[in-house]
1. So, restricting to strands (runs of 3 or more DSSP E) that lie completely within segment B:1-109, which ones have at least 1 residues that are under 12 Å from the mean Cα position of the chain (by Cα) and not charged (D, E, K, R)?
2. Among the strands (runs of 3 or more DSSP E) lying completely within segment A:1-105, list those that include at least 1 residues that are small (Gly, Ala, Ser).
3. Quick test for you: out of A:Ser7, A:Ser31, A:Ser27, pick the one residue that is within 13 Å of chain B (Cβ to nearest Cβ) and either at negative phi or not basic (Lys, Arg) (or both).
4. For segment B:59-110, what are the residues that are within 18 Å of B:Tyr48 (Cα to Cα) and of a type in the set (A, V, I, L, M)?
Amino acid sequence: DAGVIQSPRHEVTEMGQEVTLRCKPISGHNSLFWYRQTMMRGLELLIYFNNNVPIDDSGMPEDRFSAKMPNASFSTLKIQPSEPRDSAVYFCASSFGVRRFQYFGAGTRLSVL
Amino acid sequence: GIQVEQSPPDLILQEGANSTLRCNFSDSVNNLQWFHQNPWGQLINLFYIPSGTKQNGRLSATTVATERYSLLYISSSQTTDSGVYFCAVEIPTNAGKSTFGDGTTLTVKP
């Protein structure tokens, strides 16, 4: 398997623009997680899905952030409008069940100018 | 929420040395994972270890859930072991929601 695939790998945008990050989980995995990593706050769970249903979005920082999982093989994390403080590395991970080994994608490095 | 503390924050070793990394947590957990983030930023899951001991090559981990800590042992360290080691825990009432420690930054010198 190719592993968890995230796109784009790097994104540079201007404040106020909409940003969409994409994730393809490992085939057969039914849990998907979105994390954010910054120097100040470390690794934080933003939201996770089980069987395509959002289970806990309490880590989503504010209404500007939204995530969807329309099917078992695709998820998006959208920021609208983006702000400089959203600059971070965003990771997607998947697992077979929520209490299982998580496999991470390579991450998307987002810079909002 | 649950607090996760890792120690030491930084560790510098000579190649071939052994090391022990520690993860303390403030509440009962039903899941604990150890991750390695390499210098290129890739996160790799090392162990899923809510309790007991597991070994994988030169790495092993032990979690004593009743005493709220976990240890990661690295033997005969290699330069490729360099990076940041994170532990992440989940509490019983919120399966799937991992809380990460701040990590231990390991540098292995040749």
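Only the coordinates and a few stated rules stand behind these numbers; no lab work does. Quantities reported herein were computed from a predicted structural model and do not represent experimental measurements. Virtual Cβ from ideal backbone geometry, glycine too; neighbours counted across all protein chains shown.
1. Where strands (runs of 3 or more DSSP E) fall fully within segment B:1-109 and carry at least 1 residues being under 12 Å from the mean Cα position of the chain (by Cα) and not charged (D, E, K, R), they are B:4-7, B:19-25, B:31-37, B:43-48, B:59-64, B:69-74, B:83-90, B:104-109.
2. Ranges flagged: A:5-7, A:31-38, A:42-50, A:65-71, A:74-79, A:88-95.
3. A:Ser31
4. Within segment B:59-110, B:Leu59, B:Ala61, B:Val64, B:Ala65, B:Leu71, B:Leu72, B:Ile74, B:Val84, B:Ala88, B:Val89, B:Ile91, B:Ala95 qualify.
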